[in-house]
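Only the coordinates and a few stated rules stand behind these numbers; no lab work does. A quick note: this is a predicted structure, and the numbers were derived from the prediction, not measured. Don't worry about glycine lacking a Cβ; one is built from the backbone with ideal geometry, like all the others, and counts go over all protein chains shown.
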Amino acid sequence: MNTADLGLPVDVPSTALFTDQYELTMLQGALKAGTAERRSVFEVFTRRLPNGRRYGVVAGTGRVLDAVENFRFDPGVLSFLREREIVDEETLEWLAGYRFSGDVWGYPEGEVYFPGSPIMRVEGTFAECVLLETVILSILNHDSAIAAAASRMSAAAGDRPLIEMGARRTHELAAVAASRAAYVGGFATTSDLAAGFRYGIPTVGTSAHAFTLLHDSERDAFRAQVNTLGRGTTLLVDTYDVAEAVRTAVEVAGTELGAVRIDSGDLLLVAHRVRQQLDELGATDTKIVVTSDLDEYAIASLAAAPVDAYGVGTQLVTGSGHPTSSMVYKLVARAESPGANAPLVPVAKRSTGGKTSVGGRKWAARRLDAHGVAEAEVVGTGPVPGELADRQLLVELVKGGEVVAREPLDAARERHAAARAGLPMSATQLSRGEPVLPTEYLDGPSGS
């Protein structure tokens, strides 16, 4: 697997250093204590959704699978660890042969989740599982936050397409991941060519204000763009005077002009005026695209405006105020003793500060009401009730260290649209509220 598929520079040999130092020091301690090879179960979940959010969106699963596959301690990485004296030679020798050989189950990418949902379950020895904590959380926390914001924006936009254009507002590698997550959440296209190259996302883009300012007149700029990109292009009309620019745009491109873009001002008012002007000029099929620091609330406020598409940047790639999903990676069960057949016992953090966990290896299912609408997220550690057997959410992602669940990105995108459509209607309300589904826990033996 080429590391470029992860959104990494091509000279990065592995994902092994996308971790925190204490993962390695824990490994060293467990090796010395003789507990490193105990069979263990870790789960990824969040204790709460961001304030006011009704549901979360699982995104980044495909990137996690690539990261796990590329988690290798090559000579350069080992030399770095040795020079810094991060761990001892015994641990370095163990790391040199590291290959994840366990199993990973999880909610499929694009699925929705709620507080307590076991979004991902990683099983294997303590040693091989604990090393993956940071990279898994790094990917899922970021991508799921972006996808959740994208989903809210998509719901607000309705049938109108959304363009992801936030590359200049975040780290260059985060921009690629954000574009991918936005596509899962419902965006139609991206301006980021790296995202198009790595993930096959449709790309779009025409010109910025600098192109207009370069030329001696706005007419010259429009003529140059139309001569290059054709009459179906999108012309930016708010560099000087919008009304004059729209008139000039139609004169240059004709009524076949594809679209005009508005990037400033009172978008609701300007969009209505531009639509009226385009229609009066005979450009009835010319679309209107609006940009300018949009979020889901601004998009919703434009629902009645004659807008055909939205371009979103800053608010999307920052999670629209919630740039992380607050997911954690916790040990929930471990073997009583070394050995592949040793029985598992539930373990959980018991904190007086509110950071408690529910022990035991879990399953999850979504219960539906009589109308086929989701009514509860059910999480359990015992036998799955018969009525929920065909509603289970976790799927096998990695088996015996081998990835078994790669899929096209469009599959995740389609899955999310279906999952969101299966929630109560209040899920897409932008007013603040509690999670749209309650999480119910069914206790039982954790199993072995």
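Normalising the Debye intensity of segment 141-269 to I(0), with uniform scatterers on Cα atoms only, and taking log10 at q = 0.09, 0.12, 0.13, 0.20 Å⁻¹ returns -0.31, -0.55, -0.63, -1.12. For Lys399, a cut-off of 13 angstrom between C-alpha atoms picks up these aspartates and glutamates, skipping any fewer than 8 places away in its own chain: Glu69, Asp103, Glu123. Taking amide H as placed 1.01 Å from N in the peptide plane, Tyr98 has its amide H under 5 Å from the amide H of Phe73, each at least 5 places away in sequence or on another chain.
Using DSSP, restrict attention to beta bridges with both residues in the chain and report what percent are antiparallel, rounded to the nearest 5. Display every interim value, and only then the final one.
On the way: 34 of 53 bridges.
Within the chain, antiparallel bridges account for around 65 percent of the total.
Result for the chain in a Gaussian network model with C-alpha springs under 10 Å: among Ser426, Ser179, Ser154, the largest mean-square fluctuation is at Ser426.
Taking the empirical scaling 2.2 N^0.38 Å for compact globular proteins as reference, segment 317-448 has a Cα radius of gyration ratio of 1.26.
3J(HN,Hα) couplings calculated from phi for segment 299-310 with the Karplus curve 6.51 cos²θ - 1.76 cosθ + 1.60 (θ = phi - 60°) are, in sequence order, 4, 4, 5, 9, 4, 8, 7, x, 9, 9, 7, 10 Hz; Gly and Pro show x. Residue-wise HN-Hα couplings along segment 186-201, as the Karplus relation 6.51 cos²θ - 1.76 cosθ + 1.60 with θ = phi - 60° gives them from phi, are x, 5, 8, 8, 9, 8, 7, 5, 4, 5, x, 5, 7, 10, x, 6 Hz; Gly and Pro carry x. With bins 20 Å wide beginning at 0, the percent of Cα pairs of the chain falling in each bin runs 24, 48, 23, 6, 0.
Taking H placed 1.01 Å from N in the peptide plane, check which residues at least 5 places from Leu394 or on another chain put their amide H under 5 Å from its amide H. Correct list: Ala364. For the peptides 185-195, 366-376, 54-64, 241-251, the ranking by mean Cβ contacts within 10 Å, running from highest to lowest, is 54-64, 185-195, 241-251, 366-376.
The rule of thumb for compact globular proteins, 2.2 N^0.38 Å, goes into the C-alpha radius of gyration of segment 396-448 1.69 times. GNM remark for the chain: springs join alpha carbons under 10 Å apart, and the peak mean-square fluctuation among Tyr297, Tyr107, Tyr199 falls on Tyr297.
Over all distinct Cα pairs, what is the inverse of the mean 1/r for segment 283-349, reported as the Kirkwood hydrodynamic radius in Å? Write down the numbers at each step before the final one.
Values: mean 1/r = 0.0599 Å⁻¹.
The answer is 16.7 Å.
One decimal place: the segment Ala340-Asp293 gains 11.5 nm when fully extended, by the rule 0.36 nm per residue minus the C-alpha distance. Taken over segment 86-158, the convex hull of the Cα atoms encloses 116 Å³ per residue.
Both radii come from the Cα set of segment 363-410: Rg as radius of gyration, Rh as Kirkwood radius; their ratio Rg/Rh reads 1.08. In percent, rounded to a whole number, the relative contact order of the chain is 23, using alpha-carbon pairs under 8 Å and six or more apart.
For the chain, hydrophobic long helices are taken as DSSP H runs at least 30 Å long by C-alpha position along their axis with mean Kyte-Doolittle hydropathy of 0.5 or more; these are 133-157.
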